[in-house]
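Input: a single structure, listed below in structure tokens.
The values are calculated or read from the model by the stated rules, or taken from the named source; none is laboratory data. Small disclaimer: the values here were computed from a predicted structure and weren't measured. For neighbour counting, all protein chains shown are included, and Cβ atoms are generated from backbone atoms with ideal geometry for every residue, glycine included.
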4 protein chains.
Amino acid sequence: MNRQASPARPRGRPRDPRTRAAILKAARELLARGGLTAVTVDGIADRAGVSRPTVYRYWPNAPSVAMEAFLDSAVGALPPAGRGGALADLRARLHAVADAFAAPGGRSVAAMVAAAQSETELAKAFRNHFIARNRDAAREILARAVREGALGGEGDPELLLDLLFGPLFYRLLMGHAPIDRGFVDRLIAALRRVAPAAG
Amino acid sequence: MNRQASPARPRGRPRDPRTRAAILKAARELLARGGLTAVTVDGIADRAGVSRPTVYRYWPNAPSVAMEAFLDSAVGALPPAGRGGALADLRARLHAVADAFAAPGGRSVAAMVAAAQSETELAKAFRNHFIARNRDAAREILARAVREGALGGEGDPELLLDLLFGPLFYRLLMGHAPIDRGFVDRLIAALRRVAPAAG
Amino acid sequence: MNRQASPARPRGRPRDPRTRAAILKAARELLARGGLTAVTVDGIADRAGVSRPTVYRYWPNAPSVAMEAFLDSAVGALPPAGRGGALADLRARLHAVADAFAAPGGRSVAAMVAAAQSETELAKAFRNHFIARNRDAAREILARAVREGALGGEGDPELLLDLLFGPLFYRLLMGHAPIDRGFVDRLIAALRRVAPAAG
Amino acid sequence: MNRQASPARPRGRPRDPRTRAAILKAARELLARGGLTAVTVDGIADRAGVSRPTVYRYWPNAPSVAMEAFLDSAVGALPPAGRGGALADLRARLHAVADAFAAPGGRSVAAMVAAAQSETELAKAFRNHFIARNRDAAREILARAVREGALGGEGDPELLLDLLFGPLFYRLLMGHAPIDRGFVDRLIAALRRVAPAAG
DNA sequence: CGGTAAACGAGACGGTACGTCGTGTCTTTGA
DNA sequence: TCAAAGACACGACGTACCGTCTCGTTTACCG
């Protein structure tokens, strides 16, 4: 029936997928050394063997490329927790977050939070891809903990998420105190007091 | 013996105090409109009727000026809480913080957190003047609350501070949820469960 | 053997004649406003509703299109003189040239002279179509004047042509003095002294 | 009396005279090879060991630098004629012009005429420095010729100048015929018929 | 009171990056 | 084969800030 299934068949010469990949790779490398300020369109283009206008064809400015590179990277995509008791899973997941924050890559996360302050598009991307993913995963584990009876269910789950992630980001960004697994354990202990198992 | 106790008596023409003030004023204005990226040494110098080298004579770079301007400003120096029950004081103080964060000036706070990511000096200044002040005030109130018997005393006070301020900054920076007084109240309710009054 | 006698029967889809016309029309319009620098392949393609490669299929670069557009236009193709005495015809024709040079379109002529400096092909086209035509017409009139006894015949006709057109173009290009009919009349008067009628 | 004779004492750091010289030198070299299109701000800056903004601090764009470089160069500043009979001087001077036009440097002159078509400032500079100088010198010689009785004095001197220079530039720009000393001689012969010595 | 030293305005300067425009070529799809 | 659309490398554009510097001028203090 429908002669043309694909909803938006592109006209003209298709984009070379290697171009995009090369740009992101270059941005990732520049982000690793030098941090966000090292991610310039000039530098990306040089490193990727691509012309400057080509970079602009894909992204509106350097931080946008950096953000996407970050989100693609290992730091951006935190690994999912394994399978165990819900609270054990939660602990494992937050340990992973804490480890990532404490590692050099944590500076990238902080840089991205910083970058997301100036541009709406960046903020949205960061929120949707990085923040939301972490919260979604944790939210699901919390729900499981309630079903398992390890946590009480009457509290607002969003508040609980803020109580977990807030302090972690707070320490990451302010640097007033270290981010280690003991800190995570104390956060979870506090959480259990806020939402104690019924009975 | 030593006729001159003051350790570094300045020689030559003394600095005109108006210069410094004019620079900070200009920086504050630029910060208000345009945010941090609008605070350039060029712009400051123009606006303050001062030459560029003069700005550099006082501060090493533009963000430093911005930071000092911010810390001098009303947003940077949050008002002290009044006198009442300790928990009431805490609530009042955090309400003030939440109000400031929710107001347009909150963007300046976020910008400063962002700026503090790239430079150690800025980070230190921000931590010492803005973060530390808020924590000190809140820490004192918490101690008072323990003395008054409104909160239990066995928990780590630093963790409690992180549980209060962490979520506030987290929402400020991520923007995933509003910062209002209800949110503050729920934070304090959670705090009372984490550190319940003994007996 | 040879199934096809006609020397170059085109294969495949024939060129749409409207394409070529649309391109020239667009170039003419761009030339009118903005002058030669406004005639870009990008602009032409946009305006003509044609893709850039299509433009390049017809002409090697933007100035070539501009040149052809110019030569097609009214300014490029100066109207022929009427029929009267040879000297009257000459005067009429040069008046037309002077009028064209003094009008806004004269800038186009100057632009074409300028453009013809950088590229041989353009120079040739301009010389063959614009310069040569004008000289041919004038040369013919001069010959008639000699036959009519209005001018002497011993001088080099090419020199006479240079003495007529040289000053006109000189003023057009340098702009140091106006180009009006009085100037033309004085040129012709000078010409009559250079090649006085015999006897 | 006048405490301050120098009319406009410059404030701020004075310009390093070597900077300006280096830029002009670079432009001259680029103009020699490659012609006008080779004179880019990028190229000048590279070659002069100067930053791009510095070039823009002195001139508004590349052609302006090229024009000034041209006017400074040997081609731009044609040598003055010697001392002899006025007509001999005129012949000598025009021979020099013809030689310069016929030499490779003549292309530079043509390029400058072309460049002067698009920008008013360039046109003015070219007219005032190159065209006017040549005309002034020739005008003076013509006046001397009249005083000497070699030419008649009743004609418009400006027309005579146009009759001399017009054909020279015309041939330079159109390239329809060579520019040699014989051509100059025939121009001067024509001139003597246009303005014959009285009696 | 006159010398000295610093503050200060002005602006030059090299440098890096920006975002844009135009060029000419190439690749793909479709007529 | 033509044509439309668009990707792409290249090169140049003109601008914005940066941080440093070199001047000349002004203003305080101090011997």
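Would you check which residues across segment C:39-64 are in contact with a Leu (Cβ under 8 Å, 6 or more places away or on another chain) and within 20 Å of C:Pro17 (Cβ to Cβ) and list them?
C:Ile44, C:Arg47, C:Ser64
Within segment D:180-199, can you find the residues that are of a type in the set (A, V, I, L, M) and without any contact (Cβ under 8 Å) to a residue 60 or more places away in the chain?
D:Ala189, D:Ala190, D:Leu191, D:Val194, D:Ala195, D:Ala197, D:Ala198
State which residue is farthest from the other protein chains (Cβ to nearest Cβ) when the search covers only segment D:64-75 and only residues that are within 16 Å of DNA strand E (Cβ to nearest atom) and surrounded by fewer than 22 Cβ atoms within 10 Å (Cβ to Cβ). If you could, list the steps in order and put the result at the bottom.
Narrowing segment D:64-75 to residues within 16 Å of DNA strand E (Cβ to nearest atom): D:64-65, D:68.
Checking which are surrounded by fewer than 22 Cβ atoms within 10 Å (Cβ to Cβ) leaves us with D:64, D:68.
Details: D:Ser64: 15, D:Glu68: 18 Å.
The residue in question is D:Glu68.
Take A:Arg33 and decide whether it is away from DNA strand F (no atom under 16 Å from the Cβ) and more than 24 Å from A:Leu168 (Cβ to Cβ). Before the answer, list the steps.
Details: away from DNA strand F (no atom under 16 Å from the Cβ): yes; more than 24 Å from A:Leu168 (Cβ to Cβ): yes.
It is true that A:Arg33 is away from DNA strand F (no atom under 16 Å from the Cβ) and more than 24 Å from A:Leu168 (Cβ to Cβ).
Would you check if C:Ala102 is surrounded by fewer than 21 Cβ atoms within 10 Å (Cβ to Cβ), in contact (Cβ under 8 Å) with a residue 40 or more places away in the chain, of a type outside the set (D, E, K, R) and within 16 Å of C:Phe165 (Cβ to Cβ)?
Taking the combined requirement at face value, the residue satisfies it.
Please identify the pairs in which a residue from segment C:63-74 that is under 11 Å from C:Val109 (Cβ atoms) has its Cβ atom under 9 Å from the Cβ atom of a residue that is in a helix (DSSP H, G or I) and of a type in the set (D, E, K, R), counting only partners at least 6 apart or on another chain.
C:Phe70/C:Arg28; C:Ser73/C:Arg28
If you take the residues in segment A:98-124 that are of a type in the set (S, T, N, Q) and closer than 30 Å to A:Arg186 by Cβ, which one is nearest to the other protein chains (Cβ to nearest Cβ)?
A:Gln117
Go over the candidates C:Leu122, C:Leu161 one by one and state the one that is within 30 Å of D:Arg193 (Cβ to Cβ), of a type outside the set (Phe, Trp, Tyr) and surrounded by 15 or more Cβ atoms within 10 Å (Cβ to Cβ).
C:Leu161
Among what's in segment C:170-199 and is over 19 Å from D:Ala195 (Cα atoms) and buried (at least 23 other Cβ atoms within 10 Å of the Cβ), pick the residue that is farthest from the other protein chains (Cβ to nearest Cβ).
Only one residue tops the list, namely C:Leu173.
Within segment D:127-134, can one find any residue that is among the small types (Gly, Ala, Ser) and in contact with a helix residue (DSSP H, G or I) (Cβ under 6 Å, 6 or more places away or on another chain)?
No, segment D:127-134 has no match at all.
Here is a yes/no grid of residues against (1) out of contact with any Lys or Arg (no Cβ under 8 Å at 6 or more places or on another chain); (2) within 26 Å of A:Ala114 (Cβ to Cβ):
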position	(1), (2)
B:Ala115	yes, yes
B:Leu122	yes, yes
B:Arg144	yes, no
B:Gly149	yes, no
B:Gly152	yes, no
B:Pro157	no, no
B:Gly166	no, yes
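I'd like the full set of residues that are outside any helix (DSSP H, G or I) and within 18 Å of the chain's Cα centre (by Cα), limited to segment A:155-192.
Across segment A:155-192, the qualifying residue is only A:Ile179.
Need a quick list: helices (runs of 4 or more DSSP H) entirely within segment A:28-138 having at least 3 residues that are within 15 Å of the chain's Cα centre (by Cα).
Because the criterion is at least 3 residues that are within 15 Å of the chain's Cα centre (by Cα), the helices (runs of 4 or more DSSP H) in segment A:28-138 that meet it are A:62-72, A:86-102, A:105-115, A:120-126.
If the Cβ limit is 6 Å and pairs must be 6+ apart or interchain, which residue in segment B:155-179 that is among the small types (Gly, Ala, Ser) pairs with which residue that is at pLDDT 95 or above?
These pairs meet every condition: B:Gly155/B:Ala195; B:Gly166/A:Gly166; B:Gly166/A:Pro167; B:Gly166/A:Tyr170; B:Ala177/B:Arg171.
Got a sec? Which of D:Asp99, D:Asp46, D:Asp72 is within 12 Å of DNA strand F (Cβ to nearest atom) and of a type in the set (Asp, Glu)? Break it down stepwise before answering.
On the way: D:Asp99 fails: within 12 Å of DNA strand F (Cβ to nearest atom); D:Asp72 fails: within 12 Å of DNA strand F (Cβ to nearest atom).
Checking each option against the conditions leaves just D:Asp46.
So, of the residues in segment D:125-156 that are facing chain C (nearest Cβ under 10 Å) and of a type in the set (A, V, I, L, M, F, W, C), which turns out to be surrounded by the fewest Cβ atoms within 10 Å (Cβ to Cβ)?
Of everything passing the filter in segment D:125-156, D:Ala132 is surrounded by the fewest Cβ atoms within 10 Å (Cβ to Cβ).
B:Val41 passes all but one of (1) near DNA strand F (Cβ under 8 Å from one of its atoms); (2) modelled with pLDDT under 95; (3) among the hydrophobic types (A, V, I, L, M, F, W, C); which number fails?
Against the list (1) near DNA strand F (Cβ under 8 Å from one of its atoms); (2) modelled with pLDDT under 95; (3) among the hydrophobic types (A, V, I, L, M, F, W, C), B:Val41 comes up short only on (2).
From D:Leu78, D:Leu94, D:Leu24, D:Leu90, which residue is modelled with pLDDT of 90 or more, closer than 30 Å to D:Asp185 by Cβ and away from chain C (no Cβ under 14 Å)?
Details: D:Leu78 fails: modelled with pLDDT of 90 or more; D:Leu94 fails: away from chain C (no Cβ under 14 Å); D:Leu24 fails: closer than 30 Å to D:Asp185 by Cβ.
When all the criteria are applied, what remains is D:Leu90.
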